[in-house]
Structure formats: structure tokens, C-alpha cells
Amino acid sequence: MTLYAPQQHELYDGRFNIVGRRIYQAGTLDDLSPWDHMDDDASHLREVDGHILIDVNEIDNSGVFRAALELPEGHYVVELERFHEFAPCQDGGVVAYIFEHGNSGCGDANWPKSLLFVAG
């Protein structure tokens with residue numbers, strides 16, 4: 001990886017505080033299975049009101065993810081306050097600056113390999 005690893009920065013504290021306010025919904029909550037919008041060509045996107053908050057510490061594997069959205073189907077809220085490791089590459093549940101999916105050896109090989117700045 002061409003980025004420096006967090007451990008190489010003496011002032012790195014593991015904290016990520018991100019707020020998203022321009023949110024787009026892919027498809028609808030009423031779509032029939034399969035819900036495969038990963039390859040959506042953006043023809044079924046709609047902007048929705050609300051915000052997404054990611055406030056985590058990847059060293060402590062702690063924090064919160066909260067999405068509060070006003071969708072056409074109604075008020076929709078998702079909150080996560082506990083993060084559990086599902087694979088060793090996730091380093092306890094919240095991880096930063098890793099390659100995941102594809103041929104990375106971490107995550108689902110059916111998805112394209114991606115550099116994740118923070119994941120949980």
C-alpha cells in the first residue's frame with residue numbers, strides 16, 4: 001500500500017468522525033429480491049433527507065454509526081454501537097486503511113477489491 005500505516009504516525013489516535021448529509025437511496029425498500037444494487041448504473045437513485053454519522057475509534061474498536069433518513073417509505077433509522085470482528089483482518093471490529101474483498105484475502109472475493117479508509 002502506498003499510504004503510510006497508522007502505526008507509522010506517532011500522533012495517530014484512531015479516531016474517525018464523519019458526517020454525511022447528501023444521501024442517495026439506491027432502489028426502494030419495497031424492491032423484490034434479489035436486492036442487488038451494487039452494479040446499479042445510478043438510474044434508480046434518489047436523494048433523501050437525513051444524515052449519516054460515523055464516530056468511531058479503530059484502536060479501541062468503539063464508537064457509533066447512526067443513519068437517520070426520511071425515505072419515501074417513512075422515517076428510517078439504523079444505529080450500531082457494538083462492532084464485532086468477523087475475520088482476523090478486521091482487527092477487532094473497526095479497522096482503518098485496509099484492502100478488502102477481491103483477492104485481498106479479507107472479505108467476500110465476489111466483490112471488487114477496495115481500499116477502505118475505515119470499516120466496521
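The condition (being more than 27 Å from G27 (Cα to Cα) and among the small types (G, A, S)) is satisfied by just one residue among G50, G74, G92, G102: G92.
Answer with yes or no whether F99 is loosely packed, with under 15 Cβ neighbours inside 10 Å, closer than 26 Å to Q7 by Cα and aromatic (F, W, Y).
Judged against the criteria, F99 is not a match.
In the set Y76, Y24, Y97, only one residue is aromatic (F, W, Y) and over 16 Å from the mean Cα position of the chain (by Cα); that residue is Y76.
With respect to D40, determine if the residue is loosely packed, with under 13 Cβ neighbours inside 10 Å, over 30 Å from Y12 (Cα atoms) and modelled with pLDDT under 85. Yes; evaluated as a whole, the condition is true for this residue. Among residues of the range 82-106 that are at positive phi, those with a Cβ under 9 angstrom from a residue that is assigned to a loop (DSSP other than H, G, I, E, B) and among the aromatic types (F, W, Y), sequence gap 6+ or separate chain, pair up as G92/F83; G93/F83; G93/F86; Y97/Y4; H101/W111; G102/W111. Exactly one residue out of L53, L11, L29 is among the aliphatic types (A, V, I, L, M) and free of Cβ contacts under 8 Å to residues at least 12 places away in the same chain: that is L11.
The criterion of being surrounded by 10 or more Cβ atoms within 10 Å (Cβ to Cβ) and farther than 14 Å from V118 by Cβ holds for V48.
From the list P34, P88, P72, which one is farther than 28 Å from S104 by Cβ and either exposed (fewer than 12 other Cβ atoms within 10 Å of the Cβ) or acidic (D, E) (or both)?
P72
The values are calculated or read from the model by the stated rules, or taken from the named source; none is laboratory data. Quantities reported herein were computed from a predicted structural model and do not represent experimental measurements. Because the Cβ atoms are built from the backbone with ideal geometry, glycine has one as well, and the counts that use them run over all protein chains shown.
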